[in-house]
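The values are calculated or read from the model by the stated rules, or taken from the named source; none is laboratory data. Just so you know, these numbers come straight off a predicted model, no measurement behind them. With ideal geometry, Cβ positions are generated from the backbone for all residues, glycine too; neighbour counts draw on all protein chains shown. What goes into the accessible areas is simple: the full protein's heavy atoms, side chains included, and nothing from ligands, DNA or RNA. Shrake-Rupley method; radii C 1.70, N 1.55, O 1.52, S 1.80 Å.
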Amino acid sequence: MSGNQKIKILYLMKILLERTDDAHGLTLEEITEALLGYGIDAERKTVYDDFEVLRTFGMDLEKRKDGRCVRYYVASRSFELPELKLLVDAVQSSKFITHKKSLGLIKKLEQFASTHQAQQLSRQVFVSNRVKTMNESIYYTVDYIHEAISGNRKISFQYFRWNEKKEKVLSHEGKRYSVSPFALTWDDENYYMIAYDSEAQIVKHFRVDKMLHLKVLDEIRDGHELFRDFDMALYSQKTFGMFGGKEETVTLRCKNTLAGIIIDRFGRDTLFTNQTEDSFEIHVKVSVSPTFLAWLMTFGSDITVLAPESVKQRYIEHAVKCLEPYK
């Protein structure tokens, strides 16, 4: 038996996975011809035997009558086509993954489909034109952060922002941040690291694609007690796009037409009080930041800040400041 004959069953599996699905099958003649393309001369009986081996191995291999022909195909896979489409869309919509990396990931996802199904995934690639990050090192940054979290180590890095000349400007006067990472979260199409800053003694958030020259330190992490019962979903909800601010309980009067938006933002458990024919009130804990105030402004007079007075005044000042350029 030649070396090629020994790996016949592997090539057979490759052919079936790549060229068949529940809508596309291959006849025995087409399969033997495909094997011949790999230098393997296969007899009908041995191919039947190999089919049984593949079924025993766990491949969902089926056959169906197509006129006078019998076609063989892989009926189900690790990922169904709708699941792959969801994953492709998630990769495309992720601003923290560069355009180059997106194409690479999608190519890898296509390997979980037949060539016929992969064409549908490829067509999805050209549907969107979303803004992507330009930080190609984000993959390695994420890997280092996971390494630090699993190893209970601190990390250090530099952080940057963009200026009006589209140049990177280092924050913190270029000094390296030294923090204890505890979690990674995806919020508003961006990737964030949640960490404890021992020097400031507070929890901070950092956009992963804006982190540079990250190093895993030998120092043990601080802040474990703060993250013991940490609710990431609740935390993200309160910080509104990861822009920090003082956390306060705010009372808002909302028009009834905004009920769905309020539930989407704060959850179904949010209590609606003092309900009338056209409005209701809510009491919610939020981080009062410019992002939160800007969110309120998108609803105009449909949302009114009732309390506390300090937040009401900040909202008025924010609105006046926004109007200044138009005076």
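Quick one: is residue 216 more than 26 Å from residue 264 (Cα to Cα), in contact with a strand residue (DSSP E or B) (Cβ under 7 Å, 6 or more places away or on another chain) and among the β-branched types (Val, Ile, Thr)?
yes
Show the residue pairs that are 6+ apart or on different chains and have beta-carbon atoms under 6 Å apart, the first residue being within segment 139-159 and within 17 Å of residue 96 (Cα to Cα) and assigned to a strand (DSSP E or B), the second being open to solvent by 30 Å² or more (accessible area, probe 1.4 Å) and at pLDDT below 95.
Close Cβ pairs satisfying both conditions: 159/210.
Please find, within segment 105-122, the residue that is nearest to residue 185 (Cα to Cα) out of those that are part of a helix (DSSP H, G or I) and open to solvent by less than 20 Å² (accessible area, probe 1.4 Å). Show your work before the answer.
The initial filter retains those residues of segment 105-122 that are part of a helix (DSSP H, G or I), namely 105-110, 115-122.
If we keep only those that are open to solvent by less than 20 Å² (accessible area, probe 1.4 Å) too, we end up with 106, 118, 121.
Details: 106: 22, 118: 29, 121: 26 Å.
Checking each candidate, the answer is 106.
Name the single residue, out of those in segment 243-280 being without any contact (Cβ under 8 Å) to a residue 40 or more places away in the chain and basic (Lys, Arg), that is most open to solvent (accessible area, probe 1.4 Å).
The extreme case among them is 268.
Residues that are over 12 Å from residue 159 (Cα atoms), out of contact with any Asp or Glu (no Cβ under 8 Å at 6 or more places or on another chain) and basic (Lys, Arg): find the strands (runs of 3 or more DSSP E) completely inside segment 170-237 holding 1 or more of those.
Numbers: elements: 177-187, 190-197, 202-207, 211-220.
Where strands (runs of 3 or more DSSP E) fall fully within segment 170-237 and carry at least 1 residues being over 12 Å from residue 159 (Cα atoms), out of contact with any Asp or Glu (no Cβ under 8 Å at 6 or more places or on another chain) and basic (Lys, Arg), they are 211-220.
Looking at (1) modelled with pLDDT of 95 or more; (2) out of contact with any strand residue (DSSP E or B) (no Cβ under 6 Å at 6 or more places or on another chain), which one does residue 44 not meet, given that it meets all the others?
(1)
This table checks each residue for (1) open to solvent by 70 Å² or more (accessible area, probe 1.4 Å); (2) in a loop (DSSP other than H, G, I, E, B); (3) without any contact (Cβ under 8 Å) to a residue 24 or more places away in the chain; (4) β-branched (Val, Ile, Thr).
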position	(1), (2), (3), (4)
14	yes, no, yes, no
29	yes, no, yes, no
47	no, no, no, yes
84	no, no, no, no
103	yes, no, yes, no
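So residue 207 ticks every box in (1) surrounded by 13 or more Cβ atoms within 10 Å (Cβ to Cβ); (2) at pLDDT 90 or above; (3) not small (Gly, Ala, Ser) but one. Which box is left unticked?
The failed condition is (2).
Of the residues in segment 31-45, how many are surrounded by 14 or more Cβ atoms within 10 Å (Cβ to Cβ) and part of a helix (DSSP H, G or I)?
4
What's the total number of residues in segment 72-82 that are buried (at least 18 other Cβ atoms within 10 Å of the Cβ) and more than 19 Å from the chain's Cα centre (by Cα)?
4
Of all residues being hydrophobic (A, V, I, L, M, F, W, C) and farther than 15 Å from residue 213 by Cβ in segment 143-168, which is most open to solvent (accessible area, probe 1.4 Å)? Just the residue, please.
162
Condition test on residue 291, is it polar (S, T, N, Q) and outside any helix (DSSP H, G or I)?
No: the conditions fail for residue 291.
Restricting attention to segment 281-293, report how many residues are surrounded by 15 or more Cβ atoms within 10 Å (Cβ to Cβ) and out of contact with any Cys (no Cβ under 8 Å at 6 or more places or on another chain).
8
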